[in-house]
Amino acid sequence: MLIDIISVFPEYFDVFNLSLLGKAQDKGLLTFNVHNLRDWTHDVHHSVDDTPVGGGAGMVMKPEVWANCLDDLLDIPPLEDISDADPHIGENSHTTLVFPNPSAPTFTQADATELSYTDHLIFGCGRYEGYDGRIPAYYKAQGFDVREYSIGDYVLNGGEVAVSVMVEATTRLIDGFMGNRDSIVKESYTGSEGLLEHRQYTKPTSWRGMDVPEILLSGHHANIDRFRRDEELRRTSDIRPDIIEKLGCRMLDKKDRKLLVELGWDVSGEHPKH
Ligand SMILES: C[S@@+](CC[C@H](N)C(=O)[O-])C[C@H]1O[C@@H](n2cnc3c(N)ncnc32)[C@H](O)[C@@H]1O
């Protein structure tokens, strides 16, 4: 997978050379190109922002600088070379453009899974009051797959942290990225149910007066699976009832139903209801 990242702070992404992301690059699974947006400016101050049209505080990222950069990365010919008869240039593209934006839909594990099948991702990091709203709209109109995502209900100074989050969540799902693929098959938010994972424990089994749940020492795999499943249902019901509400009741076994009823859910319909 090729990942281009555009930022006014490209050094931010030096950390991608560490740990598993660094190893994935060594293995040839991933290539990162980090670009400084200011390289596409033509004025002496290398300015990428201007005051908001309509007034208001702060500065907004200029569309033209972004377009200079994105057209280059997307191999789009100069506008004067494109005729009206040409099809929309993005329609046959295998590139997905991603813009982090706090006022966009929240990025989820399902989005990460979808992006992990992409050949080429371009991430554009906003700064200041954000980027001009016409940037994603223009490339969408050209037929490109353009996404805007928030990583949560809070405002960061810039898109770099958000892009790091999305890159990490996406790339760890690429085939061959994790040494042991099992470690990503059964995790929180994954699979058809997307339940929160049960708690994990390691050795020593007794630590500062606290013991791991006894059943985990029994060696009885079916009972351990049941214990973990119950914990997943309990934790999800408690912390993320919205996930329980999406479960298909028909897919739940007898013990799942019994537990959910104990937790106050009605499982007689298509989906559990509280
Ligand atoms: C200071 S923020 C702009 C906030 C914007 N004025 C608003 O209120 O929605 C600057 C940039 O940081 C990034 N950013 C900030 N918070 C984010 C979040 N929760 N999720 C994704 N990106 C975020 C976006 O790229 C955004 O353009």
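On the stretch given as the range 91-132, residues that are under 24 Å from Pro63 (Cβ atoms), touching a helix residue (DSSP H, G or I) at 6+ places or on another chain (Cβ under 7 Å) and not charged (D, E, K, R) total 13.
Is at least one residue of the range 138-152 more than 26 Å from Thr31 (Cβ to Cβ) and under 18 Å from the mean Cα position of the chain (by Cα)? Within the range 138-152, one or more residues are more than 26 Å from Thr31 (Cβ to Cβ) and under 18 Å from the mean Cα position of the chain (by Cα). For Phe32, the requirement of being in contact (Cβ under 8 Å) with a residue 40 or more places away in the chain and aromatic (Phe, Trp, Tyr) is not met. Put simply, of Leu173, Leu195, Leu156 the only residue that is surrounded by 11 or more Cβ atoms within 10 Å (Cβ to Cβ), under 29 Å from the mean Cα position of the chain (by Cα), within 16 Å of the ligand (Cβ to nearest atom) and in a loop (DSSP other than H, G, I, E, B) is Leu156. Total residues in the range 23-37 satisfying the condition of being out of contact with any strand residue (DSSP E or B) (no Cβ under 9 Å at 6 or more places or on another chain) and surrounded by 14 or more Cβ atoms within 10 Å (Cβ to Cβ): the figure is 3.
Scanning the range 47-81 for residues being crowded, with 17+ Cβ neighbours inside 10 Å and at pLDDT below 95 gives a total of 1. For beta carbons closer than 7 Å, sequence separation of 6+ or different chains, a first residue in the range 119-135 that is under 13 Å from Arg147 (Cα atoms) and without any contact (Cβ under 8 Å) to a residue 40 or more places away in the chain and a second that is in a helix (DSSP H, G or I) and within 11 Å of the ligand (Cβ to nearest atom), there are no qualifying pairs.
Run Gly209 past the list (1) crowded, with 17+ Cβ neighbours inside 10 Å; (2) at positive phi; (3) not assigned by TED's automatic domain parsing to the domain that holds Ala67 and report the number of the one that doesn't hold. Evaluating Gly209 over (1) crowded, with 17+ Cβ neighbours inside 10 Å; (2) at positive phi; (3) not assigned by TED's automatic domain parsing to the domain that holds Ala67 leaves (1) as the failure. Of the listed requirements (1) open to solvent by 60 Å² or more (accessible area, probe 1.4 Å); (2) under 20 Å from Ser164 (Cβ atoms); (3) hydrophobic (A, V, I, L, M, F, W, C), Phe107 misses just one: (1).
Under the condition of being open to solvent by less than 80 Å² (accessible area, probe 1.4 Å), part of a helix (DSSP H, G or I) and within 15 Å of Ser192 (Cα to Cα), the residues counted in the range 235-274 number 5. Remark: pairs (first residue in the range 144-158, touching a residue at least 24 places away in the same chain (Cβ under 8 Å); second residue charged (D, E, K, R) and within 9 Å of the ligand (Cβ to nearest atom); Cβ separation under 9 Å; 6+ apart in sequence or on different chains) = Asn157/Arg127; Gly158/Arg127.
Please go through the range 98-152 and pick out each residue that is near the ligand (Cβ under 10 Å from one of its atoms), of a type in the set (Gly, Ala, Ser) and in a loop (DSSP other than H, G, I, E, B). Across the range 98-152, the qualifying residues are Ser103, Ala104, Gly126, Gly130, Gly152.
The values are calculated or read from the model by the stated rules, or taken from the named source; none is laboratory data. Since we're looking at a predicted model, the values are computed, not measured. Using ideal geometry, Cβ is built from the backbone for each residue, glycine included, and neighbour counts are taken over all protein chains shown. With ligands, DNA and RNA removed, areas are computed over all heavy atoms of the protein, side chains included. Shrake-Rupley method; radii C 1.70, N 1.55, O 1.52, S 1.80 Å.
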